[in-house]
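The values are calculated or read from the model by the stated rules, or taken from the named source; none is laboratory data. These numbers come from a predicted model, not from an experiment. With ideal geometry, Cβ positions are generated from the backbone for all residues, glycine too; neighbour counts draw on all protein chains shown. Accessible surface areas use protein heavy atoms only, side chains included; no ligands, DNA or RNA. Shrake-Rupley method; radii C 1.70, N 1.55, O 1.52, S 1.80 Å.
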Amino acid sequence: MNFDQLKEQWNKEDSDVHIPDTIEQLKESKHPIEKIQKNMKKEFPMQVLAIILIAFFPLQFKFPHSQYIIYYVSYTMMVVISSYYLLGFYKFYKQTELYTGNTKNSLWKIYHELRLNMERYQSFGFLLLPHFLVTIGMVIYNTMKEHGKSLTELTTAHQQGLIIAVLIGTLGLITSIVLWTKYVYGRSAKQLETILNEMEE
């Protein structure tokens, strides 16, 4: 006797007893997991390409050779952090491929791993901020130098304006990272959570 026949017989015997469609709910959960996989397949090569392209910023912004050491020390740290994150990203992707949708426990595991990876995703974005601040600082310094000025010549008002601009830019980037994470993975996480809560009832 299969699950559907058992459910039908049980409901005939006692109309007050309801067996939740756990098998169907587990099948439905495949859809948000497939969306997660699709997003990850798009993002992974884009992130790797972005990290490679960032290596050419000194050429693009025409940094003096004397500043290359500063830039590439910062870039190396970013690559190390990125490698750790991308490895975790790849492992999670492989884990979603192994999900068969036949047990609630495996669905809970995927859900918790997704939440953990969303936190890791955001942390990765935040950890890239120092490198971008170094790059922006070098761009500003070199631009001023080209115009025959130095940072010491900035008035108090200009210094305060620069600090405020950096703070606003940093907050804007942090907000963008959080919103992007919710947009790309948050909806799928919410769908999985809904399915799991329905299965608990």
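Close contacts from region 69-95, counting a first residue that is under 28 Å from HIS112 (Cβ atoms) and open to solvent by less than 50 Å² (accessible area, probe 1.4 Å) and a second that is among the aromatic types (Phe, Trp, Tyr) and modelled with pLDDT under 95, with Cβ to Cβ under 6 Å and a gap of 6+ residues or different chains, come to TYR85/PHE124. Does LYS109 qualify as being in a helix (DSSP H, G or I), surrounded by 12 or more Cβ atoms within 10 Å (Cβ to Cβ) and not aliphatic (A, V, I, L, M)? Yes, satisfied.
Kindly evaluate LEU167 against the criterion of being surrounded by 15 or more Cβ atoms within 10 Å (Cβ to Cβ) and either touching a helix residue (DSSP H, G or I) at 6+ places or on another chain (Cβ under 9 Å) or over 30 Å from GLU97 (Cβ atoms) (or both). Steps first, answer last, please.
Details: surrounded by 15 or more Cβ atoms within 10 Å (Cβ to Cβ): no; either touching a helix residue (DSSP H, G or I) at 6+ places or on another chain (Cβ under 9 Å) or over 30 Å from GLU97 (Cβ atoms) (or both): yes.
No; evaluated as a whole, the condition is false for this residue.
For beta carbons closer than 6 Å, sequence separation of 6+ or different chains, a first residue in region 30-54 that is modelled with pLDDT of 90 or more and a second that is assigned to a helix (DSSP H, G or I) and open to solvent by less than 30 Å² (accessible area, probe 1.4 Å), the qualifying pairs are ILE51/SER82.
Comparison of ILE177, ILE140, ILE195 shows that the only residue that is part of a helix (DSSP H, G or I), of a type in the set (A, V, I, L, M, F, W, C), open to solvent by less than 60 Å² (accessible area, probe 1.4 Å) and farther than 22 Å from SER74 by Cα is ILE195.
Rundown of residues vs (1) farther than 19 Å from ASN39 by Cα; (2) under 17 Å from the mean Cα position of the chain (by Cα), yes/no style:
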site	(1), (2)
TYR71	yes, no
VAL79	yes, yes
LEU86	no, yes
PHE92	no, yes
LEU98	no, no
LEU129	yes, yes
VAL134	yes, no
VAL139	yes, no
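Please go through region 103-117 and pick out each residue that is over 13 Å from GLU193 (Cα atoms) and aliphatic (A, V, I, L, M). Result: LEU116, single match.
LEU128 passes every criterion in (1) surrounded by 15 or more Cβ atoms within 10 Å (Cβ to Cβ); (2) over 30 Å from GLN60 (Cβ atoms); (3) hydrophobic (A, V, I, L, M, F, W, C) apart from (2). The residues listed here are THR181, THR175, THR194, THR152; of these, the one that is of a type outside the set (A, V, I, L, M, F, W, C) and touching a residue at least 24 places away in the same chain (Cβ under 8 Å) is THR181. Of all residues in region 145-156, those being under 15 Å from GLN67 (Cα atoms) and surrounded by 14 or more Cβ atoms within 10 Å (Cβ to Cβ) number 0.
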